[in-house]
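The values are calculated or read from the model by the stated rules, or taken from the named source; none is laboratory data. None of the values given here were measured: they were computed from a predicted structure. As a convention, Cβ positions derive from the backbone with ideal geometry for all residues, glycine included, and neighbour counts pool all protein chains shown.
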Amino acid sequence: MELNQYLEVFIEESKEHLQACNVHLLELEKSPEDIKIVNEIFRSAHTLKGMSATMGYEDLASLTHQMENVLDAIRNLKISVTPEILDVVFEAVDHLEAMVQSISEGGDGKRDVSSVVEKFKKIEKGEAINTISSTIQEVAAAVMTEKVVGKNNYDEFEMTVIQQSKEQGFNCFEITVSLREDCLLKAARVFMVFEVIEKIGEVIKSNPSVDQLEEEQFDHSFTITVVSKETTDDIEKKVLKVSEVQKVEVMSLDIEQLRQQTEAVVIEAGLLESQPSNVKENNDVQVEEEQKKSKQVSVANKTIRVNIERLDILMNLFEELVIDRGRLEQISRELNNQELHETVERMTRVSGDLQNIILNMRMVPVDTVFSRFPRMVRQLARDLNKKLNLDIIGAETELDRTVIDEIGDPLVHLLRNAIDHGIETPDVRRQRGKNEEGTIVLKAYHSGNHVFIEIEDDGAGISRERVLQKAINKGIVSEQVAASLTDKQVYELIFASGFSTAEKISDISGRGVGLDVVKNTIESLGGSVTIDSELGKGSIFSIQLPLTLSIISVMLVEIQKEKYAIPLSSIIETAIVKREEILNAHNQKVIDFRGKVVPLLFLKDLFEVPEVKEDDGFYSVVIVRKGDRMAGLVVDSFIGQQEVVLKSLGSYLTSAFAISGATILGDGQVALIVDCNALIK
């Protein structure tokens, strides 16, 4: 059987099942007793296993089979859900995603997953739980009598580093350094101790952390874990040479005892809980009900998968139809034939309906982008030791596929920014009288011909003074200009290139890269981004996007003998202005528009249009807006509103100022489409 014809379907369906696994695993983490969620994950894994085996991807099938066994044991209450088990399942899903990605890029989908398969086999046999259970009394007794070596707690990565160092002939030590109680510059002494220790070997961990030590957030002693080939006596002598160090204790670490100690901490934290018998009885009933429900036949919507390239071709053909429709409308007006007029009107209505259907076919729910964020937020929160809850509202809101493809990265930047800079650590939130768990709301909704996406957090908010100080230091604004800026204008400064208020550069944010890219990407899509913030309460980043990018409504205008199109989404209104109504302010021509001073931009000068008509003393002005800012575009005359097809200018004309594309009009002329966002600075 030729399987290549099914490859595309396999890749798409695999991605859907893996996304479903990610979503349901996050739900299961919050509700570990809910068997319904386990059944959903099991169904996705089971389907993926069957598809992989049929297509001949053995590594994929093998891993999903082991994952399925563990999930089956969980739903039959042989194993209870723990964070450790969930971490292994998450790891497996990561491997599966990598394999599917490899297949989609033309690879064979092979990957070394033996370590994860081994973990699943241990979980399935109950070895991991039994091993821990058998050592509880020994470890507890050792902890009570302080026999276990090690004052620091180690995660899996640190344990691996220690293990590998042992295998390469290094010894692992915990060095507890006590400073004199009258020591004045504790941070300086810590620095000197670290300088000595880094010459001896490699530092693995410190307790308290390096940041806390630098800020002197400790009493008079601290513990450093180091791998070295030195002896305990040599280490002790070298560290004691640092002035104001009163005492040094060097202990050799035993890897097996460390593992037992770590497992004891896990048990003590209540991460492995046994189920009471009454809960098991209740769950048995729940499983039976689930099995009955799963036998019921569900009626699904009839759907068909269509390659996106075919939709693009269909859209291009329809765009040509829109151009011809405009041509026919113009001919009908010129000939003034009633029958032709009626036929063209009917064709316009039918093609309008067809346009809506084609555009709706291209619409994709923002959930395709939103669904990958909960996993990312979970991981970031763990990395930053923060407690976070992500609420997603309006994930069913639809956007054109071309917009969806571009919006993912800007949203990632804004979410990472909200988690790192916005949400405070649990202890800071407690001090400020807030709930330990921060909340980020990701919301999408329609409004008119636009979609709005908002990212709201209940964190620290944006400090006006801090942003202004950074902006002045970097030369983005002068002190005189800074004093006159409104709060919203100050917040917008964080979108300046290279701007960052981070005191410390991290992998998450603080390199001055990101928010300027966010703004540029969104504006290139014909959208805008605004910020509202209240210090101590939180911030809202609001993104406004057009529903579609290919067919847009415009106002056609004439400048001398050339035609230009201005998008209706940017226009507030049009006006006729007399020459004497034009004022001068700061070497800029302006008008008074409803009590506001609006600068005038003469498009014939900006676009260097050859002058063939004389000035008659009246100006046709199109008032356009970008966020809170407005400008008046001066043109020679208005032609009227029209729906046009947006065509790219191509790679040769990418540098054309304030022109976002072109369109072909009904009479065959080309009209350039004005980019109002580029004109308003």
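Out of all the residues in region 46-89, which are within 15 Å of Glu33 (Cβ to Cβ) and of a type in the set (Val, Ile, Thr)?
Ile74, Ile79, Val81, Thr82, Ile85 - these are the residues of region 46-89 that are within 15 Å of Glu33 (Cβ to Cβ) and of a type in the set (Val, Ile, Thr).
Only one of Asp400, Asp405, Asp391 is modelled with pLDDT of 90 or more, out of contact with any Asp or Glu (no Cβ under 8 Å at 6 or more places or on another chain) and not assigned by TED's automatic domain parsing to the domain that holds Glu29. Can you tell me which?
Sole residue among the options that is modelled with pLDDT of 90 or more, out of contact with any Asp or Glu (no Cβ under 8 Å at 6 or more places or on another chain) and not assigned by TED's automatic domain parsing to the domain that holds Glu29: Asp391.
Return the total of residues in region 666-679 being modelled with pLDDT of 80 or more and not in a helix (DSSP H, G or I).
7
Quickly run through region 206-247 and pick out the residues that are closer than 17 Å to Cys172 by Cβ and either touching an Asp or Glu at 6+ places or on another chain (Cβ under 6 Å) or surrounded by fewer than 14 Cβ atoms within 10 Å (Cβ to Cβ) (or both).
Residues satisfying the conditions are Thr223, Thr225, Val227, Lys229, Thr231, Asp233, Asp234.
Could you check region 419-466 and list, in sequence order, the residues that are crowded, with 21+ Cβ neighbours inside 10 Å and either more than 18 Å from Ala381 (Cα to Cα) or hydroxyl-bearing (Ser, Thr, Tyr) (or both)?
Of everything in region 419-466, those that are crowded, with 21+ Cβ neighbours inside 10 Å and either more than 18 Å from Ala381 (Cα to Cα) or hydroxyl-bearing (Ser, Thr, Tyr) (or both) turn out to be Ala444, Val451, Ile453, Ile462.
What are the residues in region 593-617 that are loosely packed, with under 12 Cβ neighbours inside 10 Å and over 22 Å from Leu672 (Cβ atoms), if any?
Arg594, Gly595, Lys596, Glu614, Asp615, Asp616, Gly617
Quick one: would you say Arg325 is farther than 30 Å from Phe10 by Cα, more than 37 Å from the chain's Cα centre (by Cα), in a helix (DSSP H, G or I) and in contact (Cβ under 8 Å) with a residue 24 or more places away in the chain?
Spelling it out, Arg325 is indeed farther than 30 Å from Phe10 by Cα, more than 37 Å from the chain's Cα centre (by Cα), in a helix (DSSP H, G or I) and in contact (Cβ under 8 Å) with a residue 24 or more places away in the chain.
For region 323-342, name all the residues that are farther than 17 Å from Ala671 by Cα and polar (S, T, N, Q).
Ser332, Asn336, Asn337, Gln338
Restricting attention to region 77-99, which residues are touching a Gly at 6+ places or on another chain (Cβ under 8 Å) and buried (at least 22 other Cβ atoms within 10 Å of the Cβ)?
If the condition is that a residue be touching a Gly at 6+ places or on another chain (Cβ under 8 Å) and buried (at least 22 other Cβ atoms within 10 Å of the Cβ), then Met99 is the only one that fits.
Can you pull out the residues in region 335-357 that are under 35 Å from the mean Cα position of the chain (by Cα) and either surrounded by fewer than 17 Cβ atoms within 10 Å (Cβ to Cβ) or in a loop (DSSP other than H, G, I, E, B) (or both)?
Leu354, Asn356, Ile357
What do you reckon, is Ile11 assigned to a helix (DSSP H, G or I), in contact with a His (Cβ under 7 Å, 6 or more places away or on another chain) and either buried (at least 20 other Cβ atoms within 10 Å of the Cβ) or in contact (Cβ under 8 Å) with a residue 40 or more places away in the chain (or both)?
Working: assigned to a helix (DSSP H, G or I): yes; in contact with a His (Cβ under 7 Å, 6 or more places away or on another chain): no; either buried (at least 20 other Cβ atoms within 10 Å of the Cβ) or in contact (Cβ under 8 Å) with a residue 40 or more places away in the chain (or both): yes.
Considered against the rule, which asks whether it is assigned to a helix (DSSP H, G or I), in contact with a His (Cβ under 7 Å, 6 or more places away or on another chain) and either buried (at least 20 other Cβ atoms within 10 Å of the Cβ) or in contact (Cβ under 8 Å) with a residue 40 or more places away in the chain (or both), Ile11 comes out as no.
Could you please give the count of residues in region 506-526 that are modelled with pLDDT of 50 or more and charged (D, E, K, R)?
Of the residues in that region, 3 qualify.
So that you can scan it fast, the table gives a plain yes or no per residue for (1) within 30 Å of Ile531 (Cβ to Cβ); (2) under 43 Å from the mean Cα position of the chain (by Cα):
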{"residue": "Asn584", "(1), (2)": "no, no"}
{"residue": "Phe593", "(1), (2)": "yes, yes"}
{"residue": "Asp605", "(1), (2)": "no, yes"}
{"residue": "Val612", "(1), (2)": "no, no"}
{"residue": "Val622", "(1), (2)": "yes, yes"}
{"residue": "Met630", "(1), (2)": "yes, yes"}
{"residue": "Val634", "(1), (2)": "no, yes"}
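Output the residues belonging to region 53-83 that are among the hydroxyl-bearing types (Ser, Thr, Tyr), in a helix (DSSP H, G or I) and out of contact with any His (no Cβ under 9 Å at 6 or more places or on another chain). Even if it seems obvious, please write down each step before you answer.
First, the residues of region 53-83 that are among the hydroxyl-bearing types (Ser, Thr, Tyr): 54, 57, 62, 64, 80, 82.
Among the residues that remain, those that are also in a helix (DSSP H, G or I) are: 54, 62, 64.
Thr54, Ser62, listed by residue number.
Among the residues of region 472-496, write down those that are among the small types (Gly, Ala, Ser) and either on the phi < 0 side of the Ramachandran plot or at pLDDT 80 or above (or both).
Ser478, Ala482, Ala483, Ser484, Ala496
Which ones in region 446-473 are within 19 Å of the chain's Cα centre (by Cα), of a type outside the set (D, E, K, R) and under 25 Å from Met363 (Cα atoms)?
Scanning region 446-473 gives Val451, Phe452, Ile453, Ile455.
When the residues of region 41-50 are narrowed to those that are touching a helix residue (DSSP H, G or I) at 6+ places or on another chain (Cβ under 7 Å) and either at pLDDT below 85 or surrounded by fewer than 19 Cβ atoms within 10 Å (Cβ to Cβ) (or both), which ends up nearest to Tyr6 (Cα to Cα)?
My answer is Thr47.
Could you check region 581-592 and list, in sequence order, the residues that are farther than 13 Å from Val634 by Cα and at pLDDT 85 or above?
Once the filter is applied, which keeps residues that are farther than 13 Å from Val634 by Cα and at pLDDT 85 or above, region 581-592 yields Glu581, Leu583, Asn584, Gln588, Asp592.
What are the residues in region 622-657 that are at pLDDT below 80, part of a loop (DSSP other than H, G, I, E, B) and surrounded by fewer than 16 Cβ atoms within 10 Å (Cβ to Cβ), if any?
The answer is Gly627, Asp628, Ser648, Leu649, Gly650, Thr654, Ser655, Ala656.
Assuming Gln379 fulfils every condition listed in (1) buried (at least 17 other Cβ atoms within 10 Å of the Cβ); (2) under 15 Å from the mean Cα position of the chain (by Cα); (3) farther than 26 Å from Leu525 by Cα apart from one, which condition is it?
(1)
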